[in-house]
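Before any comments, here is the structure.
The values are calculated or read from the model by the stated rules, or taken from the named source; none is laboratory data. Keep in mind that this is a model prediction, so the values were computed, not measured. Positions of Cβ are backbone-derived with ideal geometry, glycine not excepted, and every protein chain shown enters the neighbour counts.
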Amino acid sequence: MSVLSQHFFERPVLTVAPELLGKHLVREFPDGTTIKLQITEVEAYDGEKDLACHASKGRTARTQTMYESGGIWYVYLVYGMYHMLNMVTGDADYPAAVLIRGAGELNGPGKLTKHLKVDKSLNARASATSTGLWIEESGVVVPEHHIIRTPRIGVDYAGEWAAKPYRFMLAS
DNA sequence: GGAGTGATGACA
DNA sequence: GTCATCACTCCA
C-alpha cells in the first residue's frame, strides 16, 4: 500500500483528521522489524485561535513544528513520562496537527508511543519510510456512519474550545 | 481518588 | 532564577 504523500496532509486539519481513521500507522525499526496498526482514534488541534492547541500561546521553540507545512511529525513530552504523537497538517505558518490517540489494539496516546518507541527524536521529521515512521493507505473505506465524533480528552481548561467535537473514533 | 514525572511557558 | 501547569497512565 502506498505511503500517504505530503500533499494529503497539506489540507485543513478537520478534513485530514477523520480521513486518517482506518489508515495504517507503520513503524520500522533499524533491525528491520515492522509494526503496522490501523488508526482508530484521533483528535484535531486547529490554529492559534484554538485554546486547546499548544500554538494558542504563539510560536515558541516547542510549537515551531506545528507552523511547518503538513506531513511531518510533532512529538512532545507530557507529565514528564509520555510522548504524544501528532501529524502536522495544513500550509506553512498555520499551526495545526492531528493527535493520534489510538491504533490497533492500543488505546491511549501514551501507551501507543511507548509501544512504538516514539520519542522526541522524531519531532519535525517527515512521515516517510526513511524516517521509520509513516502512514499508508490500508484499502479500508470507512463509511461516514462508522465515525464517532466527541469532544477532546484532557482539555477542560480550553473554555468553549473544550466542547468542540474535534475527536474522531472508529465505531467498533 | 491521587501520585509520579520533567519539559515548558510565565513571570521576576 | 522560581513556580504552576500539563493533549497521561496506573494503582487504590
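Within the stretch A:69-112, restricting attention to residues that are more than 16 Å from DNA strand B (Cβ to nearest atom) and among the hydroxyl-bearing types (Ser, Thr, Tyr), which residue is nearest to A:Ala171 (Cα to Cα)?
A:Thr89
Restricting attention to the stretch A:134-172, report how many residues are in contact with a helix residue (DSSP H, G or I) (Cβ under 9 Å, 6 or more places away or on another chain) and aromatic (Phe, Trp, Tyr).
Matching residues across the stretch A:134-172 total 3.
Here are A:Val42, A:Val13: which of them is in contact with an Asp or Glu (Cβ under 7 Å, 6 or more places away or on another chain), within 27 Å of A:Val140 (Cβ to Cβ) and crowded, with 21+ Cβ neighbours inside 10 Å? Outline the logic, then answer.
On the way: A:Val42 fails: in contact with an Asp or Glu (Cβ under 7 Å, 6 or more places away or on another chain).
None of the others qualify; the one that does is A:Val13.
Based on what the data block shows, is A:Gly154 free of Cβ contacts under 8 Å to residues at least 24 places away in the same chain, out of contact with any His (no Cβ under 6 Å at 6 or more places or on another chain) and within 16 Å of DNA strand B (Cβ to nearest atom)?
Values: free of Cβ contacts under 8 Å to residues at least 24 places away in the same chain: yes; out of contact with any His (no Cβ under 6 Å at 6 or more places or on another chain): yes; within 16 Å of DNA strand B (Cβ to nearest atom): yes.
When the stated conditions are applied, A:Gly154 passes them.
Mind checking which pairs have a first residue in the stretch A:47-68 that is farther than 20 Å from A:Tyr166 by Cα and a second that is within 9 Å of DNA strand B (Cβ to nearest atom) and modelled with pLDDT of 95 or more, Cβ under 8 Å, 6 or more apart or different chains?
Listed by first residue and then by second, the contacts come to A:Arg62/A:His54; A:Arg62/A:Tyr76; A:Thr65/A:Asn123.
List pairs: first in the stretch A:106-125 and over 22 Å from A:Ala61 (Cβ atoms), second more than 14 Å from DNA strand C (Cβ to nearest atom) and of a type outside the set (A, V, I, L, M), Cβ under 7 Å, 6+ apart or cross-chain?
Listed by first residue and then by second, the contacts come to A:Leu116/A:Arg27.
Identify, from the list A:Asp31, A:Asp46, A:Asp50, the residue that is within 16 Å of DNA strand B (Cβ to nearest atom) and modelled with pLDDT of 95 or more. First the steps, then the outcome.
Values: A:Asp31 fails: within 16 Å of DNA strand B (Cβ to nearest atom); A:Asp46 fails: within 16 Å of DNA strand B (Cβ to nearest atom).
Testing whether each residue is within 16 Å of DNA strand B (Cβ to nearest atom) and modelled with pLDDT of 95 or more leaves just A:Asp50.
Name, by its number, the condition in (1) closer than 16 Å to A:Trp134 by Cβ; (2) part of a loop (DSSP other than H, G, I, E, B) that does not hold for A:Asp31.
(1)
Pick from A:Arg101, A:Arg152, A:Arg125: which is under 25 Å from A:Gln64 (Cα atoms) and surrounded by fewer than 19 Cβ atoms within 10 Å (Cβ to Cβ)?
Details: A:Arg101 fails: surrounded by fewer than 19 Cβ atoms within 10 Å (Cβ to Cβ); A:Arg152 fails: surrounded by fewer than 19 Cβ atoms within 10 Å (Cβ to Cβ).
Just one listed residue meets the conditions, A:Arg125.
Okay, residues lined up against (1) over 30 Å from A:Thr33 (Cβ atoms); (2) assigned to a loop (DSSP other than H, G, I, E, B); (3) of a type in the set (Val, Ile, Thr):
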residue	(1), (2), (3)
A:Ser130	no, yes, no
A:Ile135	no, no, yes
A:Gly139	no, yes, no
A:Arg149	yes, no, no
A:Trp161	yes, no, no
A:Pro165	yes, yes, no
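If I filter the stretch A:78-96 for residues that are among the polar types (S, T, N, Q), farther than 24 Å from A:Pro165 by Cα and at pLDDT 95 or above, do I get at least one hit? Explain how you work it out, then say what you get.
Quick first cut of the stretch A:78-96, residues among the polar types (S, T, N, Q) only: A:86, A:89.
Next, from what is left, pick out any that are farther than 24 Å from A:Pro165 by Cα: none.
Taking every residue of the stretch A:78-96 in turn, none turns out to be among the polar types (S, T, N, Q), farther than 24 Å from A:Pro165 by Cα and at pLDDT 95 or above.
If you go through the stretch A:45-60 one residue at a time, how many are surrounded by fewer than 19 Cβ atoms within 10 Å (Cβ to Cβ) and part of a loop (DSSP other than H, G, I, E, B)?
Total meeting the criteria: 7.
Just to verify a result, which residue in the stretch A:61-74, among those that are near DNA strand C (Cβ under 10 Å from one of its atoms) and not basic (Lys, Arg), is surrounded by the most Cβ atoms within 10 Å (Cβ to Cβ)? Walk me through how you get there before you give the answer.
Taking the stretch A:61-74 as the starting set, the residues that turn out to be near DNA strand C (Cβ under 10 Å from one of its atoms) are A:62-63, A:65-66, A:74.
Retained after the next criterion (residues that are not basic (Lys, Arg)): A:63, A:65-66, A:74.
Values: A:Thr63: 19, A:Thr65: 21, A:Met66: 26, A:Tyr74: 28.
The selected residue is A:Tyr74.
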